[in-house]
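The values are calculated or read from the model by the stated rules, or taken from the named source; none is laboratory data. Values in this document were obtained by computation on a predicted structure and should not be read as measured data. Cβ placement follows ideal geometry from the backbone for every residue including glycine, while neighbour counts extend to all protein chains displayed.
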């Protein structure tokens, strides 16, 4: 529970302002906590007189931490290809493994995996555990979870990372629950604490309004899903060598209650905003669907793709696959041009790692300008067409 | 078909903003709402009951004030509401929450289907649905965008994937998490509101569900928050000046590397 030291509390009210749950208020010059408290710790962090602390009670030690070693990444394989997030996981996994000493292992499930395993080694894996089985060709929650649980139990890795994709987000929590392991969702930063080798997992919370760093002090493995497009992959090196270990999983684990009847790739939804080097994005400021025609023209001129804020998608001006932000996609293009987007944190977390950000907005106080490399305060209906024709002119010569 | 829907009360995060001067969260006008994804789970449950009969129970874990989302659920068609509430649950991460919900559901009764929203918008983890399925040892599918077929012992659903969707058959009893595309939730009816007002919300505490103290709340959570901070702003900004024509000219020059 949250303990308030009445001697130290000065009744400043910072904790009250910091509480997203309305769980703390200042009464007669001293903070008082109510039942809404979730022990998130935001108040403790910001209490200058250090009048607040969280008493967690006795934590149980579930395992001998020394018995677990090695960094694992789960390499997603779908429709006969390794999913790019696997290479990003190897990029960050390589750094963690180099700091922590032990090796970096990729786990690959599916059917027909030779090529994929070789690719994972080129991208940084020291070893690849391959479960090549027809029963793993289709993604099925129960068999993927069962097979990974089995492998973790028999090998005891210290850290297990997976992509925060539709697949990773669905079966990894089941594995963590079955193992009694801690799991942090959608991490955007991972590091190792020098003193004790603990994995520090940082993720956005409250729609990206705050960042939280999380650790799993008592349980193993330390598990996290990692947001795609945030970590950088290493350049592939085909001359790297590594061990490919084929593993057989017991039949009863691969027995599924689930049957995949069909797997449909949606062409019309295949908007690869995460792959585009240049994105032109529109928000509420476009006023209606027609506003996106301006955005499209500029994107076409730049050879880029069109993205959107949640407000524009919610208004029905453009489809969901274009959406950037906490509830949409995370993008990291070389150039991101935000037109008529206010830049609420929910949007910002999805695009702030772009190399260069241009913001065009009428409201000079819009938070997007805090992120932008170049700020244009003005009417987008005037600026965007001017920009399109100017670029055309420059490129034409 | 007896259905249980898990519902969370959350702060309306889309209205939450950081005050750049004080670096604190501006909460004025931020209300507690029913997690938007859960609203779709509830609607789907009510539609299934309307077609096949049975009952819809809404269940929420949270502080005493979360009772209001259960009343709201009843006004939108749920038959009854159960609040799982105890100070001992505070500080639960997704692991401890999955455990607590599973114990509570086992205490309440047997259900053919358990429906959850894909994720709650305050934490955005999407971990509790699958965790709960694991605890209850029942098959599950996440991110369901459509229930195509439903009979007594199986259902066929469309599961949203990053590159399209899969059509999946699974047996009942089952657990599904749903995305917003699955339906358009109704607004509460007048009759529903009357019913919600009078409804008795059952409250279950740690002792009622036979919870192991080592598995609930902060003590039962393998993950621990060590630091909370606000994202760093980028520091390299240039404000362009002059007429729109002048600004555009400067911008095109600055962006020459990308053209």
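Does residue A:27 qualify as being at pLDDT 95 or above and either more than 9 Å from chain B (Cβ to nearest Cβ) or under 30 Å from residue B:164 (Cβ atoms) (or both)? So residue A:27 fails the test. For residues that are part of a strand (DSSP E or B) and more than 25 Å from residue A:87 (Cβ to Cβ), scanning just the stretch A:228-278, find the one that is modelled with the lowest pLDDT. So the residue we want is A:264.
Considering the stretch B:1-23, and only residues there that are facing another protein chain (nearest Cβ under 8 Å) and buried (at least 21 other Cβ atoms within 10 Å of the Cβ), the residue that is modelled with the highest pLDDT turns out to be B:11. Counting the residues of the stretch A:365-397 that are assigned to a loop (DSSP other than H, G, I, E, B) and within 7 Å of chain B (Cβ to nearest Cβ) gives 3. If you go through the stretch A:169-189 and keep only what is within 11 Å of the chain's Cα centre (by Cα) and at negative phi, you end up with A:169, A:184, A:185, A:187, A:188, A:189. Looking only at the stretch B:112-167, residues that are touching a helix residue (DSSP H, G or I) at 6+ places or on another chain (Cβ under 8 Å), in a loop (DSSP other than H, G, I, E, B) and within 7 Å of chain A (Cβ to nearest Cβ) come to 8 in all. When the stretch A:181-195 is filtered for residues that are within 7 Å of chain B (Cβ to nearest Cβ) and over 16 Å from residue A:93 (Cβ atoms), the ones remaining, listed by number, are A:181, A:182, A:183, A:185, A:186. Restricting attention to the stretch B:36-84, the residues being part of a loop (DSSP other than H, G, I, E, B), touching a strand residue (DSSP E or B) at 6+ places or on another chain (Cβ under 7 Å) and at pLDDT 95 or above number 4. Identification of strands (runs of 3 or more DSSP E) wholly contained in the stretch B:168-259 with 2 or more residues that are more than 22 Å from residue B:129 (Cβ to Cβ) and within 8 Å of chain A (Cβ to nearest Cβ) yields B:224-229. Tell me which residues, restricted to the stretch A:305-335, are part of a loop (DSSP other than H, G, I, E, B) and at the interface with chain B (Cβ under 9 Å from one of its Cβ atoms). The answer is A:326, A:327, A:334. Residues that are more than 14 Å from residue B:242 (Cβ to Cβ) and without any contact (Cβ under 8 Å) to a residue 60 or more places away in the chain within the stretch A:375-389 comprise A:379, A:389, listed in sequence order. Of the strands (runs of 3 or more DSSP E) lying entirely inside the stretch A:6-88, those carrying at least 2 residues that are free of Cβ contacts under 8 Å to residues at least 40 places away in the same chain and either crowded, with 20+ Cβ neighbours inside 10 Å or in contact with a helix residue (DSSP H, G or I) (Cβ under 6 Å, 6 or more places away or on another chain) (or both) are A:24-27.
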